[in-house]
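The values are calculated or read from the model by the stated rules, or taken from the named source; none is laboratory data. Quantities reported herein were computed from a predicted structural model and do not represent experimental measurements. When we count neighbours, we look across all protein chains shown, and the Cβ atoms used for this are built from the backbone with ideal geometry, even at glycine.
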């Protein structure tokens, strides 16, 4: 029987001294048909372990309704077949720049606390999830060597009873490999987020000597482990693309290893937050500053880029890791081939208003605007409709609690686009009139005190000083796209769908670009790649080869602001 244990300030695998050389790879950000290639890339970089989070909200979109809930087990099995050990971080909160930090939007109770209502939901989820982990531990012939309790809890709270409930729940469900926590390398993180008897690890991007000094002061006699060595970073819409030089990342990794520590490279391969799963942040301390949604690409300036290719950073880190590897490193597998460049013109369009019966849910009426969560909608759009009574003079129309963006139409005519955090234009509306607000969510905060944020119109719509009551709302999910009633004519209107046809000889990777377009979403054969936005920095969407098929492929674009003329197939990403 195999074993993985903590022995003083080090680890032992099957009784032998062992250093964990891990890389983060989120199975849910990579097409399953590409898992094997990405895992082989980790091995080729010199890593012996893969680490992954588990996004609860992806797997349980509605209470008791599970979706792809066995993906974790399949991923772990494939990792084992490729010779990789595994670290699992099941949450329930994961951060990960993922919508709501992985917590389902439907949760009730005080999240991330020992509140019994919240813990009841967590326990039910863990009953479904954790057996996949327990049966794949090294002690049972699998490859899981560690399981993390929550995630960076010291950045959020001090409810030790909550952490203890999670740790005890993991062991009660059969986890017998070491448990760990991960937090920032400061005393207040470590005193808030750790547990006696559970290994403490730290997260940082630089300054390993100081970080490990802090960890050792808090937890003397334990192994040094950087659970997240940030070798790159993520991007926000409207800001610059963040990069880190390969030489700097490699030099810091070298220092971590020279100190005798174990490490998890975050991210080894980032992948894509496809669909509407990208989260958002409030910048500033304590994370209550300017609201910033995160782009769909999770390339992260990682050593293995979004399409699985080795970067200059890959070779720099591989050179360091090779000095700590057992034996010669495997050859580097090539990524998938690329489609040739192409420029496509739309072959048809349909206004969103004319496609509502195909894409929208049932209409709900309420005294005040219902939030997305009340409509059973995780992300996407909601079309609200209200009446301004009359006759009355034009008065200012104000939307309170807009989360996050709204196209405002009065009697069918677009009057304004409102955006959270931006100065709102004065909007004068007389009565009687019909006001429609097409509200878009751009991701819930994934970090900080504003987790669990509601989406939609959370305050109300006011005409002068008077709330407008009697609201209808239609939810419009944007994950998978049903057939749409496209016409052959292309009408370049905002808030419309546009259809393109891409002929492919053989499936291959590609990048979609929409120069001249404003803001919206892209689907390939019904699968939502994610968001695009002219303000950047991301200007291409990655199309993994398994989404395509030989012959005709359908690409659909929902343009909200300003249609362009053509769509481009490119061979290189443009992340800004």
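If you go through the stretch 517-531 one residue at a time, do you hit one that is assigned to a strand (DSSP E or B), in contact with a helix residue (DSSP H, G or I) (Cβ under 7 Å, 6 or more places away or on another chain) and either closer than 30 Å to residue 283 by Cβ or assigned by TED's automatic domain parsing to the domain that holds residue 93 (or both)? No: the stretch 517-531 contains no residue that is assigned to a strand (DSSP E or B), in contact with a helix residue (DSSP H, G or I) (Cβ under 7 Å, 6 or more places away or on another chain) and either closer than 30 Å to residue 283 by Cβ or assigned by TED's automatic domain parsing to the domain that holds residue 93 (or both). Taking the stretch 288-299 as the range and being surrounded by fewer than 21 Cβ atoms within 10 Å (Cβ to Cβ), assigned to a loop (DSSP other than H, G, I, E, B) and touching a residue at least 24 places away in the same chain (Cβ under 8 Å) as the test, only 288 passes.
When restricted to residues that are within 15 Å of residue 344 (Cα to Cα) and part of a loop (DSSP other than H, G, I, E, B), the stretch 532-570 contains 4.
Scanning the stretch 56-74 for residues that are in contact (Cβ under 8 Å) with a residue 60 or more places away in the chain and assigned to a helix (DSSP H, G or I) yields 56, 57, 58, 59, 72, 73. Condition check for residue 369 on (1) surrounded by 15 or more Cβ atoms within 10 Å (Cβ to Cβ); (2) in contact with a helix residue (DSSP H, G or I) (Cβ under 9 Å, 6 or more places away or on another chain); (3) outside any strand (DSSP E or B): one failure, at (2). Look at residue 386 and say whether it is surrounded by 14 or more Cβ atoms within 10 Å (Cβ to Cβ) and closer than 22 Å to residue 561 by Cβ. Answer is no for this residue. In the stretch 79-103, of all residues being assigned to a helix (DSSP H, G or I) and crowded, with 18+ Cβ neighbours inside 10 Å, the one that is farthest from the chain's Cα centre (by Cα) corresponds to 80. In the stretch 413-464, counting only strands (runs of 3 or more DSSP E) that sit wholly within it, none holds 1 or more residues that are assigned by TED's automatic domain parsing to the domain that holds residue 559, in contact with a helix residue (DSSP H, G or I) (Cβ under 9 Å, 6 or more places away or on another chain) and surrounded by 21 or more Cβ atoms within 10 Å (Cβ to Cβ). The residues on offer are 502, 484, and the sole one that is part of a strand (DSSP E or B), assigned by TED's automatic domain parsing to the domain that holds residue 531 and closer than 18 Å to residue 528 by Cα is 502. No other residue among 177, 122 is on the phi < 0 side of the Ramachandran plot and over 22 Å from the mean Cα position of the chain (by Cα) apart from 177. Taking residues in the stretch 8-31 that are closer than 25 Å to residue 300 by Cα, and partners anywhere that are at pLDDT below 95 and crowded, with 23+ Cβ neighbours inside 10 Å, not one pair has Cβ atoms closer than 7 Å while being at least 6 places apart or on different chains. When we screen 222, 150, 213 for residues that are outside the structural domain of residue 537 (by TED's automatic domain parsing) and crowded, with 22+ Cβ neighbours inside 10 Å, the only hit is 150.
Examine the stretch 382-396 for a residue that is touching a helix residue (DSSP H, G or I) at 6+ places or on another chain (Cβ under 8 Å), within 23 Å of residue 533 (Cα to Cα), at pLDDT 95 or above and assigned to a strand (DSSP E or B), and state whether such a residue exists. The answer is yes; a qualifying residue exists.
For the residues 166, 195, the requirement of being assigned by TED's automatic domain parsing to the domain that holds residue 255, at pLDDT 95 or above and in a helix (DSSP H, G or I) singles out 166.
If the requirement is being farther than 24 Å from residue 321 by Cα and assigned by TED's automatic domain parsing to the domain that holds residue 224, which of these qualifies: 40, 62?
Among 40, 62, only 62 is farther than 24 Å from residue 321 by Cα and assigned by TED's automatic domain parsing to the domain that holds residue 224.
For the stretch 489-498, check the following and say yes or no: at least one residue is in contact (Cβ under 8 Å) with a residue 60 or more places away in the chain, crowded, with 22+ Cβ neighbours inside 10 Å, in a loop (DSSP other than H, G, I, E, B) and touching a strand residue (DSSP E or B) at 6+ places or on another chain (Cβ under 6 Å). No, there is no match, as no residue in the stretch 489-498 is in contact (Cβ under 8 Å) with a residue 60 or more places away in the chain, crowded, with 22+ Cβ neighbours inside 10 Å, in a loop (DSSP other than H, G, I, E, B) and touching a strand residue (DSSP E or B) at 6+ places or on another chain (Cβ under 6 Å).
Of all residues in the stretch 35-55, none satisfies the criterion of being assigned to a strand (DSSP E or B) and out of contact with any strand residue (DSSP E or B) (no Cβ under 7 Å at 6 or more places or on another chain).
Could you tell me whether any residue of the stretch 398-405 is part of a loop (DSSP other than H, G, I, E, B), modelled with pLDDT of 95 or more and closer than 30 Å to residue 93 by Cα?
yes
Residues in the stretch 271-286 include at least one that is crowded, with 24+ Cβ neighbours inside 10 Å, under 25 Å from residue 252 (Cα atoms) and not assigned by TED's automatic domain parsing to the domain that holds residue 447. Within the stretch 300-353, which residues are farther than 23 Å from residue 249 by Cα, assigned to a helix (DSSP H, G or I) and in contact with a strand residue (DSSP E or B) (Cβ under 8 Å, 6 or more places away or on another chain)? 352 - this is the single residue of the stretch 300-353 that is farther than 23 Å from residue 249 by Cα, assigned to a helix (DSSP H, G or I) and in contact with a strand residue (DSSP E or B) (Cβ under 8 Å, 6 or more places away or on another chain).
Per the conditions (1) under 24 Å from the mean Cα position of the chain (by Cα); (2) assigned by TED's automatic domain parsing to the domain that holds residue 393, the sole criterion not satisfied by residue 509 is (2).
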